[in-house]
Amino acid sequence: GLPECPFCGEAAERELEAHVRARHGFLLGAPDTGDGEQLYECPMCSLTCTDIQILEEHVDLHLEEHSFSEGGNIRDLELAQWLQTEEDKRQRSEEEKREREEFKKLQRQYGLDNSGGYKQQFLKNMEREVDRGRMQPFEYHKRKADMMECLAFGIDDGKTKTSGVIEALCKYYQNENKDVRHVWLSAGVDHFHSSLGDRGWGCGYRNFQMLLSSLLQNSLYNDCLRDTTLIPSIPKIQSLIEDAWKEGFDPHGASHFNNRLHGTKAWIGACEIYSLLTSLRIKCQIIDFHKPTGPTGTHPRLFEWVLRYYSTDNEGGVKVACTSKPPIYLQHQGHSRTVVGIEERKNKTLCLLLFDPGCPSQEMQKLLKQNSDGTSLKLLRKFVGSLKEKQYQIVAIDGVLSLEEKAARCHASQVLTSEKIP
């Protein structure tokens, strides 16, 4: 059959475009604008323009669309529906692609993307150093052999450890007489820095090593830690957390990691530290500072809590108290650190002393030869105005659990592990 005219519906006896031009034309008597300028109106969509050539091109587009719909035997409504369906499909596909990319990004961010764990990252980063000429091949092979041996025994190689900082601080505070009225410190905490194997994701594990370094020197915890005489490597800590999950601790958290940490670059947080310590019969609690309690997003309640923790049983009038209190694990979104003490200043303000696993060993070494002005202490000091994340969680250690208490806590962790500070 002959093509139908989109304007009069008649079968066009000649070519459709010629029919439209002859029978219907472009000039539809559009009014003069009053200033001598003629307006031309499109017969198909009422678009008006002042240039006859632009209008011709515009109508040609309509005609092309129409001949397409006639040729494919799709009426206008069907065409509109088809176009809408295609648009919906495209949007759905883009949405799914976005979701997939977001999910992959989260997996990468939390180390669950099957790209290997500590060992693989260590080797890859060393290979990169060799390629860039920063490491000799013989050093690569030596460090690889050392790493494999440490991993086989499940112990940390100690290459990122700085010891003696607490002792240096004690000495410094004894002589400092300008700003600090009292200071309380945890005893015997070694600092551990992230290495080539865990850069970017190992902070939780490094903080656990810091806690452990202090507990191993505290006779109260001898019985709990008789199987742990040396600081475990990160893959070993991952296995210890998996063991805690197998015992029944925090099934909700375990399922988040598909019950697997070893061989991944998975970030851990306060709940995993709680599960691990409790499985070792170390009594601890998670405290959740879930919103700021001071002006401009600050957390003075957190500082007051830490002061109470250290000063309880250490109330004496001494200026520098090297307490037997274990350090505190401090978590916020994306990072964690270890609280090793607190200053009470002469102007009544409080200042936390933090070991940060992101702080390189070279920087920490500066604290060992602490100059009298205390400039290196900037590395550790955090005043109330410096901690302004929305939420913080702490894991605080307080003694040893009996087997019955451990079992009760295991059961409770299947329901709730966190106490909220109002």
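Points to keep in mind about this one:
- Burial order of peptide ranges 377-387, 170-180 (average beta-carbon count within 10 Å, highest first): 377-387, 170-180
- Pairs from the table (Lys142/Lys369; Lys325/Lys369; Lys283/Lys406; Lys325/Lys346; Lys236/Lys390) lying more than 20 angstrom apart at Cα are Lys142/Lys369; Lys325/Lys369; Lys325/Lys346; Lys236/Lys390.
- Three-way shape call for segment 161-420 based on the alpha-carbon gyration tensor, with the a/c threshold at 1.5: prolate
- For segment 153-295: relative contact order, % (alpha-carbon pairs under 8 angstrom, 6 or more apart): 23 percent
- Cα centroid separation - segment 301-350 against segment 163-183, whole Å: 14 Å
- Magnitude of the charge dipole for segment 118-199, about its Cα centre and with charges confined to Cβ atoms of Lys, Arg (+1) and Asp, Glu (-1), is about 220 debye.
- For Gly154, nonlocal amide neighbours, meaning residues 5 or more places apart or on other chains whose placed amide H falls under 5 Å from its own, do not occur.
- Local charge for Leu280 was computed over the other residues whose Cβ lies under 15 Å away, with Lys and Arg +1 and Asp and Glu -1, and equals -2.
- Shape category assigned to segment 328-384 from the gyration tensor of Cα positions, a/c cut at 1.5: oblate
- Integer Hz, Karplus 6.51/-1.76/1.60 couplings in order for segment 218-232, x for Gly and Pro: 10, 4, 4, 9, 3, 5, 5, 10, 5, 8, 10, 9, 10, 5, x
- Three-way shape call for segment 280-416 based on the alpha-carbon gyration tensor, with the a/c threshold at 1.5: prolate
- The order of Glu64, Glu129 by accessible area, most exposed first and with a 1.4 Å probe, is Glu64, Glu129.
- Here the 3J(HN,Hα) profile of segment 256-261, calculated from phi with Karplus coefficients 6.51, -1.76 and 1.60 at θ = phi - 60°, is 4, 9, 6, 6, 9, 10 Hz, Gly and Pro shown as x.
- For the peptides 200-208, 301-309, 339-347, the ranking by packing is 200-208, 339-347, 301-309, with the highest mean count of neighbouring Cβ atoms within 10 Å listed first.
The values are calculated or read from the model by the stated rules, or taken from the named source; none is laboratory data. Model, not experiment: these values are computed from the prediction. Every residue, glycine among them, receives a Cβ derived from its backbone with ideal geometry; neighbour counts consider all protein chains shown. Heavy atoms of the whole protein, side chains included, go into the accessibility calculation; ligands, DNA and RNA do not. Shrake-Rupley method; radii C 1.70, N 1.55, O 1.52, S 1.80 Å.
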